[in-house]
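Below: the structure, in structure tokens.
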Amino acid sequence: MSQATIGKWGKSLGVRLPADAARALGLDVGSEVEIIAGKGKIVVTPVVRKLTIKDLFKGKPAQEWRELYHGSEVDWGPDVGREIIED
């Protein structure tokens, strides 16, 4: 268990997280956290952002993605079980 001291940051109060606690939670400068205060305690939890399709494909226009993966179909082998469709 780690301890920290509350300091002043502008008009707000701030707590510096010990490096080992931040590392254990995967936090770094700019990480988002959720803060819940109540019943005599403060709970700080990392925010897990849900990625959208736009996030996943950000950085390249659609045409560039199409060109990159064109012709890269994968052969998963013969159909098995309910995948088999009788003509």
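Some points to look at:
- Test result for V48, touching a helix residue (DSSP H, G or I) at 6+ places or on another chain (Cβ under 9 Å) and either of a type outside the set (S, T, N, Q) or loosely packed, with under 10 Cβ neighbours inside 10 Å (or both): no
- So K8, is it of a type in the set (D, E, K, R), loosely packed, with under 10 Cβ neighbours inside 10 Å and touching a strand residue (DSSP E or B) at 6+ places or on another chain (Cβ under 8 Å): yes
- Test: V43 is assigned to a loop (DSSP other than H, G, I, E, B) and not hydroxyl-bearing (S, T, Y): no
- Residue list for segment 55-87, filter: part of a loop (DSSP other than H, G, I, E, B), exposed (fewer than 10 other Cβ atoms within 10 Å of the Cβ) and at pLDDT 85 or above: K58, G59, P61, G77, P78, D79, V80
- Residue in segment 5-23 that is assigned to a loop (DSSP other than H, G, I, E, B), at negative phi, out of contact with any Cys (no Cβ under 7 Å at 6 or more places or on another chain) and small (G, A, S) present: no
- Subset of segment 11-34 [within 20 Å of R49 (Cα to Cα), in contact with a strand residue (DSSP E or B) (Cβ under 7 Å, 6 or more places away or on another chain) and among the β-branched types (V, I, T)]: V33
- The C-beta contact set for segment 1-22 (first residue over 17 Å from I35 (Cα atoms), second residue of a type in the set (D, E), distance under 9 angstrom, 6+ apart or interchain) comprises S2/D20.
- Which listed residue, of T52, T45, is at pLDDT 85 or above and out of contact with any strand residue (DSSP E or B) (no Cβ under 7 Å at 6 or more places or on another chain): T52
The values are calculated or read from the model by the stated rules, or taken from the named source; none is laboratory data. All values derive from a computational prediction rather than experimental measurement. Quick reminder, even Gly has a Cβ in these numbers, built from the backbone with ideal geometry, and neighbours come from all protein chains shown.
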